[in-house]
Amino acid sequence: MEAYFKPSKEMLSLINPHMKKGEKCKVSNLIELNGKLYREVIIYKRSLTAFRDEPKGYLYIDLDNKIVLSKNVQRELAKLAYFYETFYSSEKGSGILAAFQNEDSLEGDKAVFNEAAKGFDYLHSQEVTNALRIKHVINIIPELREKSNIEINKLSKSASEALENNTPFNQEVLDSLYPVYERILELNFEKIKLIASVQDCCDEVKDAAEKIKKKFKVRFDQKIVVPLVRAADQVSYFRRIIRTYKSVLNFSNSQYLRFLEDINKQKVEQRFNMIIE
């Protein structure tokens, strides 16, 4: 069962007055608050730049297809619905399940890393000593991704079971899934810190790879050029990660989790503020 579905005709007649031209909507499965059942309606429009659904507003309806107007209830439902989407949605940019990689994807990544490793070995043979530091990092990343995949798979199975059994998402379900969610975040942060450990040599190794692959005796040798391109691509990826997470690189795990908790609170508040009157 999917986490969201198209509204029934009865629901749509209730929702339509709240939608603008070009907007669509989808409805969550059951969310429980204080013993009462609700659904979240996400009103969205396809983003031409991000190529995904961009939320424009939210509504909450009860099982009698009545719109929730109480601000207190709306705020609590916004929190539950935010984590419902985070844990259950497989849409990229919305749910954590989108980060799941199947075995083929993992093996594909390993093949790319192995090719890059050859590039770093060649750079080392050309006296680019720091190349081996980056090679060490890319040798560890697949292991961290596999660990993260195991945890995401746990979350996915729990979500699937809840949806198949039509179990309402409530605070109890949230509390049971949150430790797995935190473990996934910790593993991601471990990967970020690992990548950041070589930030002082990324520019040097990238420049060396670009320079060496242009040499006449190298540029037509695919056995050398391809690994060098893969190596340079990996360093470019590392530099993007370092720039993105620059503000948290000195955080401890607990500080990072608190930082993300604050972000989640801000996103819940944003969701609450986007409830359509």
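Details
- Looking across segment 236-265, not a single residue is more than 21 Å from the chain's Cα centre (by Cα) and either in a helix (DSSP H, G or I) or surrounded by 15 or more Cβ atoms within 10 Å (Cβ to Cβ) (or both).
- Residue count for segment 1-39, restricted to those that are touching a residue at least 40 places away in the same chain (Cβ under 8 Å), of a type in the set (V, I, T) and not in a helix (DSSP H, G or I): 1.
- Qualifying residue in segment 163-182 (condition: farther than 16 Å from A81 by Cα, within 16 Å of the chain's Cα centre (by Cα) and not small (G, A, S)): yes
- Taking the listed residues K118, K154, the one that is in contact (Cβ under 8 Å) with a residue 12 or more places away in the chain, open to solvent by 90 Å² or more (accessible area, probe 1.4 Å), closer than 22 Å to L257 by Cα and out of contact with any Leu (no Cβ under 7 Å at 6 or more places or on another chain) is K154, with no other qualifying.
- Members of segment 207-216 found to be assigned to a helix (DSSP H, G or I) and open to solvent by 30 Å² or more (accessible area, probe 1.4 Å), listed by number: D207, E210, K211, K213, F216
- Inspection of segment 88-101 finds a residue satisfying the criterion of being aromatic (F, W, Y), in a helix (DSSP H, G or I), in contact with a strand residue (DSSP E or B) (Cβ under 8 Å, 6 or more places away or on another chain) and at pLDDT 90 or above.
- Any hit, segment 141-153, residues being of a type outside the set (D, E, K, R) and within 24 Å of I31 (Cα to Cα): yes
The values are calculated or read from the model by the stated rules, or taken from the named source; none is laboratory data. Because the structure is predicted, anything quoted here is derived from the model rather than measured. Neighbour counts are summed over all protein chains in view; Cβ atoms, including those assigned to glycine, are modelled from backbone coordinates with ideal geometry. Side chains are part of the model used for accessible areas, which takes the heavy atoms of the whole protein and leaves out ligands, DNA and RNA. Shrake-Rupley method; radii C 1.70, N 1.55, O 1.52, S 1.80 Å.
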